[in-house]
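The values are calculated or read from the model by the stated rules, or taken from the named source; none is laboratory data. Bear in mind the structure is a predicted one, so any value in this text is a computation, not a measurement. Here the Cβ is made from the backbone with ideal geometry for all residues, glycine too, and neighbour counts use every protein chain on show.
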Amino acid sequence: MPENKSQLVNYAMNSGLIVGVFWVIKYFFVIAATGYPFLGYINTLLSIGTPLLLFFFLVRYKNFVVGEEKIGFWHGIQFSVMLFFFASLLEAIVVIVHIIWLDPVYLSRTFEQTLALVESMSVDQNMISKLKQQPVPTPFSYTFGMIMGNLLIGFFLSLFLVPLANRFTFKNDNRQSGE
């Protein structure tokens, strides 16, 4: 059965909205960790939710939108990357608001902490001096890098999760295909 691009985009958008809200909740722990460092560990712990949500939405997409026992490998990857793209857009809005208006020194403080961490390791001094010469990222370059990183993570996760999703079926869901 040929893939229906409008259904693919529609379901990726709707699923991306849910994953994006999850990422925004995770990001609130990043913001709160500046005052209470232990909350950063909760953010890290919540990271396991991303592959679980992707797996859930891949299986639901396969069962209720595509309506087949198996989804094509590249079709599943395309869905996953689009889902991560739409989720990243929602997260990017919150990140921009945070680093421009709520905490304008966040990027410079994070950059300084990264330099301190690198200096504490046994790293070549030439590399450290080159890192010190790098400018602090702008809010937009930081956010763009975050979006690109999310897309890359979505791609690599889908390499493992698409074949796994083809083995599972949700049977206790009464929803109709095409939702």
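Here are the numbers for the structure shown:
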read-out	value
Within the range 18-30, considering residues that are surrounded by 15 or more Cβ atoms within 10 Å (Cβ to Cβ) and aliphatic (A, V, I, L, M), the one farthest from Y106 (Cα to Cα)	I18
Filter result (crowded, with 16+ Cβ neighbours inside 10 Å and either among the aliphatic types (A, V, I, L, M) or part of a loop (DSSP other than H, G, I, E, B) (or both)) within the range 1-12	L8, A12
Condition met for F38 (within 22 Å of the chain's Cα centre (by Cα) and either surrounded by fewer than 15 Cβ atoms within 10 Å (Cβ to Cβ) or of a type in the set (G, A, S) (or both))	yes
The lone exception for V24 - which of (1) out of contact with any Ser or Thr (no Cβ under 9 Å at 6 or more places or on another chain); (2) modelled with pLDDT under 95 it fails	(2)
Test result for S47, loosely packed, with under 15 Cβ neighbours inside 10 Å and in contact with a helix residue (DSSP H, G or I) (Cβ under 8 Å, 6 or more places away or on another chain)	yes
Tally, over the range 75-96, of residues that are aromatic (F, W, Y) and within 12 Å of V162 (Cα to Cα)	1
Spans of helices (runs of 4 or more DSSP H) in the range 56-150 with at least 1 residues under 16 Å from V30 (Cα atoms) and hydrophobic (A, V, I, L, M, F, W, C)	73-97, 106-120
Selection from the range 47-70 of residues that are more than 21 Å from N4 (Cβ to Cβ) and touching a residue at least 24 places away in the same chain (Cβ under 8 Å)	G49, T50, P51, L53, F55
Which listed residue is of a type outside the set (D, E, K, R) and closer than 26 Å to G16 by Cβ, from V105, V136, V66	V66
